[in-house]
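Single-structure report; data block below.
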Amino acid sequence: MKMRRRQFISTIAGAALASGCKRTARWTGGIIGAAHATGHRLRDGKFPAPTRTERTDAVIIGGGIAGLTAAHRLQKSARNFLILELESSPGGNSTSGENVISAYPWGAHYVPLPNAECTEVLALLEEFGAITGWRDGLPIYDETMLCADPMERLFTHGRWQDGLIPQIGLTADDRRQYEEFFAQMETWRTAKGSDGRRAFTIPLDLSSRDPEFTALDAQTMRAFMDARGWTSAPLRWYVDYSCRDDYGAGIEHTSAWAGVHYFAARDGRAANAEHEAVLTWPEGNGWLVHKLANPLQDKIRSGCIVWNVEPHDGGVRVDYFDISKNESVRLEAPAAICAAPRFIAQRIVRGLAPVNVEYSPWMVANITLNALPGGTGVPLAWDNVIEHSDSLGYIVATHQSLRSVPRETVLTHYWPLDREPPRTARERALARTYDEWCALILADLQRAHRDITQHIRHLDVWLWGHGMIRPAPGFIWGNSREQMAAPHGPIYFAHSDMSGISIFEEACTRGAQAAAALLTA
């Protein structure tokens, strides 16, 4: 989450595993996603030859936000196309679930107010009813979709405080460094480069290429803070948390340009909300997935492993394995959009030059409770973070509920697995049993909620082996991203990987751009 101005002003102005962590009959659940075994079949590469051939105007490979946005654009052009999706349903890391208590996210769960430059995002939000009108050139957002107060809280020094920036026990030097850091971020938020562009903005490719700013990409966020003398422990924790939140990697592994971008790029405005507001729904960005995907149901083929994509005869040939039918099918089309992550694209698109890309693995758990979690200090918020935890805390799926006194709820618990190299973390995550994950999750949450185990009724775990791209030093402004964006014959690419950061605005923009390029060609 982003810093809220009132938090900054008020800041400047003013356990062992518990025995109840093991799985018992008290709750149900399991490890339910993602489809790792299915995806690993692609790595093994053993598929039967296609038994039949079909033809269409275009093929979209991947049903995440980028693929769905591309399809949304093609649908409006009256083109005939098909979407091939590996999972059982579209959505990518914006997928969601639902039970009798609430809908809930399995990944991305909010959209900050979009910058004016995010024209594709603003158009979608208006089309879907999230923007209800305009006043003085600013969008008016549906009040029920703007995150309600209280928005954020932090568990620190044994109690909950308002906001996520540590405020308890600060020294005079901590406050000085806070002021310097956030003043510099504010300066860069409004700065422009010698090319006339904003230093940092979204979509990322509209940012300035001025070396004064792009040079930050050559070092880590930690090295950048070291050089500035920003060594305050609470400030370091907050910046590290922020990078882990958006990038799945802390300041030791994140490009300083990306770290600064987190704080300086957003400039969204609204006629009826503060600059720091966000849009959210019980199912998180799954709400946007449903809006995009529902009109496309007859064009989506789920449970399909695309294993070969190649230019052929002036068009493109796409071979995929249909899991339910246990057969391979060939699609032929004039063009295709590959909206899969780059590590998959490099396996399936013949002749595509490899690019070195790092991905952050994640664990997400959804925990159904028969009572709201309590605690000392400020009341339950939408986003609830435990200081110095390996996790990012949890959000409350029922926070936007209009019920006066909700009792039951679902907590979505986020955990970037970034404390060891990605491959090691990925292997360890997949090797852990459900009981072992329950023990880790409950040990973390019991730091703030000692009695939480007695209120759990269901707990499901979702493992994202390649949850999001990491903006490692040198990636944002190196040659890799430009190489990734270039078409490969009649094959166009659309994914937030091409931006180097995994956020809704980038995926949406990439999808729309790929569709426009295909239609133009």
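Taking amide H atoms as placed 1.01 Å from N in the peptide plane, the amide H of T220 lies under 5 Å from those of A256, each 5 or more residues away in sequence or on another chain. If the segment from W27 to E143 were pulled out straight at 0.36 nm per residue, it would be longer than the present Cα-Cα gap by 38.2 nm. Averaging the Cα positions of each part gives two centres, and for the range 376-393 and the range 332-364 these lie 35 Å apart. Length available on full extension from D451 to T187: 0.36 nm per residue minus the Cα-Cα distance, which gives 90.6 nm. Put simply, the amide H of D383, placed in the peptide plane, has neighbours under 5 Å in E152, R153, leaving out anything fewer than 5 places away on its chain. Placing +1 on each Lys and Arg Cβ and -1 on each Asp and Glu Cβ, with no other charges, gives the range 322-394 a dipole about its Cα centre of roughly 380 debye. Across the range 31-39, coupling constants 3J(HN,Hα) worked out from phi with the 6.51/-1.76/1.60 Karplus curve, θ = phi - 60°, read 8, 10, x, 7, 7, 5, 4, 5, x Hz, and Gly and Pro carry x. Backbone N atoms of the range 257-295 closer than 18 Å to the 7 Å Cα→Cβ label point of A215 belong to residues 257-261. The gain in end-to-end length when the R43 to L430 segment is fully stretched comes to 137.7 nm, 0.36 nm per residue minus the alpha carbon separation.
Percent of accessible area on the chain owned by carbon and sulfur, 1.4 Å probe? Accessible surface attributable to carbon and sulfur in the chain totals 50 percent. For V278, nonlocal amide neighbours, meaning residues 5 or more places apart or on other chains whose placed amide H falls under 5 Å from its own, are C147. Along the axis of the charge dipole computed for the range 324-462 (Cβ charges of +1 for Lys and Arg, -1 for Asp and Glu, origin at the Cα centre), the listed residues L380, P334, I456 are led at the positive end by P334. What the phi angles of the range 407-413 give under the Karplus curve with 6.51, -1.76 and 1.60, with θ = phi - 60°, is a coupling list of 10, 7, 7, 10, 9, 9, 9 Hz, glycine and proline written as x. Taken along the Cα-to-beta-carbon direction at a fixed 7 Å, the label points for E54 and Q483 span 3.5 nm. Think of each Lys and Arg Cβ as +1 and each Asp and Glu Cβ as -1; about the Cα centre, that makes the dipole of the range 217-316 roughly 140 debye.
Entry comment: accessible area of the range 25-87 is 47 Å² per residue, from protein heavy atoms only and a probe of 1.4 Å.
With the helix formula -39500 (n - 2.57) applied to DSSP H stretches of n ≥ 4, the chain reaches a computed 222 nm mean residue ellipticity of -9000 deg cm²/dmol.
Here the Karplus relation 6.51 cos²θ - 1.76 cosθ + 1.60, evaluated at θ = phi - 60°, turns the backbone of the range 150-156 into coupling constants of x, 8, 9, 8, 10, 8, 8 Hz, with x for every Gly and Pro.
Think of each Lys and Arg Cβ as +1 and each Asp and Glu Cβ as -1; about the Cα centre, that makes the dipole of the chain roughly 740 debye.
Once semi-axes √(5λ) of the Cα gyration tensor in Å is calculated for the structure shown, the corresponding label among (1) 36, 28, 22; (2) 47, 26, 20; (3) 48, 31, 21 turns out to be (1). Which pairs, out of K299/K325; K291/K325; K46/K325, put more than 21 Å between their alpha-carbon atoms? Table pairs above 21 Å Cα-Cα are K291/K325.
Take the range 190-270 with all the other protein chains still there, run a 1.4 Å probe, and you get 32 Å² of accessible area per residue. By the Cα gyration tensor, the range 358-430 has an equivalent ellipsoid whose semi-axes, rounded to whole angstrom, run 29, 13, 9 from largest to smallest. Using every pair of distinct Cα positions in the range 156-224, the Kirkwood expression returns a hydrodynamic radius of 14.6 angstrom. The mean accessible area for residues of the range 413-452, using a 1.4 Å probe and ignoring ligands and nucleic acids, is 48 Å² per residue.
Compute for the range 115-159: radius of gyration divided by Kirkwood radius, i.e. Rg/Rh, restricted to C-alpha atoms, rounded to two decimals. If you can, show how the numbers build up before the last one.
Values: Rg = 15.4 Å, Rh = 12.7 Å.
Ratio of gyration radius to Kirkwood radius for the range 115-159: 1.21.
Using only the Cα atoms of the range 90-190, build the gyration tensor, take square roots of its eigenvalues as a ≥ b ≥ c, and label the shape rounded, prolate or oblate: rounded if a/c is under 1.5, else prolate if a/b is larger than b/c, else oblate. Oblate is the answer for the range 90-190, as a/c is 1.5 or above yet b/c matches or exceeds a/b.
The values are calculated or read from the model by the stated rules, or taken from the named source; none is laboratory data. The shown structure was predicted, so the numbers you read here are calculated from the model rather than taken from an experiment. Note that each Cβ is placed from the backbone with ideal geometry, even for glycine, and that neighbours are counted across all protein chains shown. Surface accessibility is based on the protein's heavy atoms, side chains included, excluding ligands, DNA and RNA. Shrake-Rupley method; radii C 1.70, N 1.55, O 1.52, S 1.80 Å.
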